[in-house]
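K.L.:
Take this structure first; my questions come after.
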Amino acid sequence: MATTTRTYAALLRGVNVGGHRRIPMAELRALIAGLGWTDVRTYLQSGNAVFRTEEPEPGPVLERAIAERFGTRVQCLVRTGEELRQIAAACPLPVAELDPAKVLVLLLEETPETGHFDVLSPADYAPDEFHPVGRAVYCYFPHGMGRSRLSSALTAVRPQLTMTGRNWRTLERLIELTG
């Protein structure tokens with residue numbers, strides 16, 4: 001059976017935030033290359049890596065390698081370039097009319113149950129917006145995410161989902177890097 005080499009983006013959850021769970025990107029690149037994966041690149045310091053591999057499920061492999069090397073458990077949400085393009089295409093927000101730094105995409109590891117986010121009333125968080133679509137939640141924070149109650153509300157909905165967020169600019173750059 002022939003294997004296919006694919007380009008993936010790994011989005012590490014909660015690294016290099018506030019000095020916690022520090023993973024230097026040069027060391028992450030070396031770790032990924034040490035797995036035999038190729039064309040390894042990182043983007044920013046927030047845990048975005050792009051690489052090529054024949055490994056059909058690179059997320060768990062990368063999580064184990066990070067735990068062994070850095071001594072901390074880090075969840076890695078992994079998407080192919082095509083999946084990232086589909087996520088961008090499904091965005092219900094008029095991104096071209098908005099500040100892309102204020103558009104956040106929460107990528108979910110699992111598909112939520114129908115109505116999972118219905119416990120949150122959009123009016124309670126206005127002018128912030130959120131739109132769940134498949135394994136993504138598209139958010140707009142017109143006054144910035146730092147003062148918003150929406151981001152913590154989305155992550156607190158039970159049962160909790162494994163998720164990590166990237167702003168629109170980062171998503172676009174990861175699409176370019178996986179292209």
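Nothing in this text is a laboratory measurement; each read-out follows from the coordinates by a stated rule. This structure is a prediction, so every number in the text was calculated from the model and none was measured. Here Cβ is always computed from backbone atoms with ideal geometry, including for glycine, and neighbour counts include all displayed protein chains.
K.L.:
Give the calculated FRET efficiency between VAL119 and ASP39 to the nearest 0.05, with a Förster radius of 45 Å applied to their Cβ-Cβ distance. The partial results should precede the final answer.
P.N.:
Working: r = 42 Å, r/R0 = 0.93.
The formula returns an efficiency of 0.60 here.
K.L.:
By how many nm would the segment from GLU172 to ALA101 lengthen if fully extended, with 0.36 nm per residue of separation less the alpha-carbon distance?
P.N.:
On the way: separation 71, 0.36 × 71 = 25.56 nm, distance 1.13 nm.
Full extension from GLU172 to ALA101 adds 24.4 nm.
K.L.:
Sticking with this one: Taking Rg and Dmax of the Cα atoms in Å straight from the coordinates, which label in (i) 22.4, 81; (ii) 19.7, 55; (iii) 16.5, 53 is the correct one?
P.N.:
Label (iii) holds the value from this structure.
K.L.:
Percent relative contact order of the chain, based on C-alpha pairs within less than 8 angstrom and at least six residues apart? Please report the intermediate quantities before stating the final value.
P.N.:
Details: 275 pairs, mean separation 43.6, N = 179.
Once divided by the residue count of the chain, the mean separation gives 24 percent.
K.L.:
Still on this structure, please answer the following. Residue by residue through the range 77-92, what is 3J(HN,Hα) from phi via Karplus (6.51 cos²θ - 1.76 cosθ + 1.60, θ = phi - 60°)? Round to whole Hz and write x for glycine and proline.
P.N.:
8, 10, 9, 6, x, 5, 4, 5, 4, 5, 4, 5, 5, 7, 5, x
K.L.:
On to the next question. Can you list which of the trypsin sites (Lys or Arg not before Pro) found in the range 109-157 are DSSP loop residues with at most 13 other C-beta atoms within 10 Å? List each step's numbers first, then the result.
P.N.:
Values: sites: ARG135, ARG147, ARG149; in loops: ARG135, ARG147, ARG149.
Filter output for the range 109-157: ARG147, ARG149.
K.L.:
Same structure again: Find the eigenvalues of the gyration tensor of the Cα atoms of the range 6-82, then list the square roots of 5 times those eigenvalues as equivalent ellipsoid semi-axes, largest first, in whole angstrom. Each step should come with its number before you reach the end.
P.N.:
Values: eigenvalues 68, 31, 26 Å².
In descending order, the three semi-axes are 18, 13, 11 Å.
K.L.:
Let me have the 222 nm mean residue ellipticity of the chain computed from DSSP H runs of 4+ only, each contributing -39500 (n - 2.57), with the sum over all residues rounded to the nearest 500. All intermediate terms of the calculation are to be shown ahead of the outcome.
P.N.:
Values: 5 runs with 50 residues, N = 179.
Calculated at 222 nm, the ellipticity per residue is -8000 deg cm²/dmol.
K.L.:
Give me the extension gain from ARG69 to GLU57: residue separation times 0.36 nm, minus the current Cα-Cα distance, reported in nm with one decimal.
P.N.:
Numbers: separation 12, 0.36 × 12 = 4.32 nm, distance 1.95 nm.
Stretched out fully, the ARG69 to GLU57 stretch lengthens by 2.4 nm.
K.L.:
What shape does the range 99-179 have by the C-alpha gyration tensor, where a ≥ b ≥ c are the square roots of the eigenvalues, rounded means a/c under 1.5, and otherwise prolate means a/b greater than b/c and oblate the rest? Please list the in-between numbers first.
P.N.:
Working: a/c = 2.21, a/b = 1.21, b/c = 1.83.
Oblate shape, in that a/c is at least 1.5 and b/c is the bigger or equal ratio.
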